[in-house]
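Input: a single structure, listed below in structure tokens.
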Amino acid sequence: MDASSIAIIDPSLLLLAYRTGIFPMADARDDPEIFWVEPKLRGILPLDGLRCAHSLARTLRRGRFTVTCNAAFDAVIDACAAPRPAPDLETPDPESSGTWISERIAASYRALHRLGHAHSIECWRDGDLVGGLYGVGFDRVFCGESMFSRASDASKVALCWLVAALRMGGAELLDCQFITGHLASLGAVEIPQEDYLTRLRAAQSGAAGLGGAAGAGASSALALPDAFGALLAAAKSAGFSSSPGNFIAQSLTHTS
């Protein structure tokens, strides 16, 4: 399908959906139709509840991966949407197949990215993209959409950097949508949708950032790229400029 002929979801409608607690999915990669989802149980990852196991902290400290933000959004969403005939290295759950990311959905998030509302975290090794994630940010909320991994621990490292950046930027809510075994092992929990909506409203009240403009007098959160930059600056200030992963491991293991 010619990308220019794909009818994307209007960006304002897509953002409104996230702000009211729903999100789009599709049945197959080439399916032009979408459906809107509002789960009865919602997966979230408490920003102070990430489980950073000793082995994962060691991987962070060793700096096995170079981590970036918004450096390869298109490549990340393509990797997340690619067929995965064998179980993913880190997410054996069938929901991780990526088939729900249709061409229309992918094009819609690319448009949202160009407007500054969708972001990615990338993990690189020897110049190759080996893991990452993407999602939608607004106010004090980040809605994680999908992640992928082509090397052991790559998606976990991306998630650690995301959590550290969101905390640095003043975010309050990290939405995972659905729980998988992979996410549960990292500290994600399920809550009723009604509870999620209460938290969602609170995280939007008087706040801005992560993809929005602050109102007069509002206490704003940083957009994810700015929060990522602030995280690197904090690592440098603490003497970890050559090994920011060590700084992140330290901050996460002290609070998880």
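The values are calculated or read from the model by the stated rules, or taken from the named source; none is laboratory data. None of these values were measured; they are calculated from a predicted model. Quick reminder, even Gly has a Cβ in these numbers, built from the backbone with ideal geometry, and neighbours come from all protein chains shown.
Would you check which residues across the range 226-246 are surrounded by fewer than 19 Cβ atoms within 10 Å (Cβ to Cβ) and in contact with a strand residue (DSSP E or B) (Cβ under 9 Å, 6 or more places away or on another chain) and list them?
Result: Gly229, single match.
Restricted to the range 1-54, and to residues that are of a type in the set (Gly, Ala, Ser) and without any contact (Cβ under 8 Å) to a residue 40 or more places away in the chain, which residue is surrounded by the most Cβ atoms within 10 Å (Cβ to Cβ)?
Taking the candidates together, the pick is Ala17.
Within the range 178-197, work out how many residues are among the polar types (S, T, N, Q) and modelled with pLDDT of 95 or more.
Of the residues in that region, 1 qualify.
Within the range 82-99, which residues are surrounded by fewer than 20 Cβ atoms within 10 Å (Cβ to Cβ) and either part of a helix (DSSP H, G or I) or modelled with pLDDT of 90 or more (or both)?
Pro94, Glu95, Ser97, listed by residue number.
On the basis of being of a type in the set (Asp, Glu) and crowded, with 21+ Cβ neighbours inside 10 Å, does Asp195 make the cut?
no
Using the structure shown, decide if Arg110 is part of a helix (DSSP H, G or I) and under 16 Å from Ala72 (Cα atoms). Steps first, please.
On the way: part of a helix (DSSP H, G or I): yes; under 16 Å from Ala72 (Cα atoms): yes.
Criteria met by Arg110.
Hey, which of the strands (runs of 3 or more DSSP E) in the range 35-79, taking only ones fully inside, have at least 2 residues that are farther than 19 Å from Leu186 by Cβ and not basic (Lys, Arg)? Let's see the steps before the verdict.
Working: elements: 35-37, 41-44, 66-69.
Output list reads 35-37, 66-69.
Whether any residue in the range 222-230 is closer than 25 Å to Val37 by Cβ, among the charged types (D, E, K, R) and modelled with pLDDT of 90 or more is what I want to check. Spell out how you get there, then give the answer.
Quick first cut of the range 222-230, residues closer than 25 Å to Val37 by Cβ only: 224.
After this cut, where a residue has to be among the charged types (D, E, K, R) as well, the list is none.
Taking every residue of the range 222-230 in turn, none turns out to be closer than 25 Å to Val37 by Cβ, among the charged types (D, E, K, R) and modelled with pLDDT of 90 or more.
Restricting attention to helices (runs of 4 or more DSSP H) lying wholly within the range 150-210, give those where 1 or more residues are among the small types (Gly, Ala, Ser) and closer than 29 Å to Asp128 by Cβ.
Working: elements: 154-169, 181-185, 193-204.
The helices (runs of 4 or more DSSP H) meeting that bar are 154-169, 181-185.
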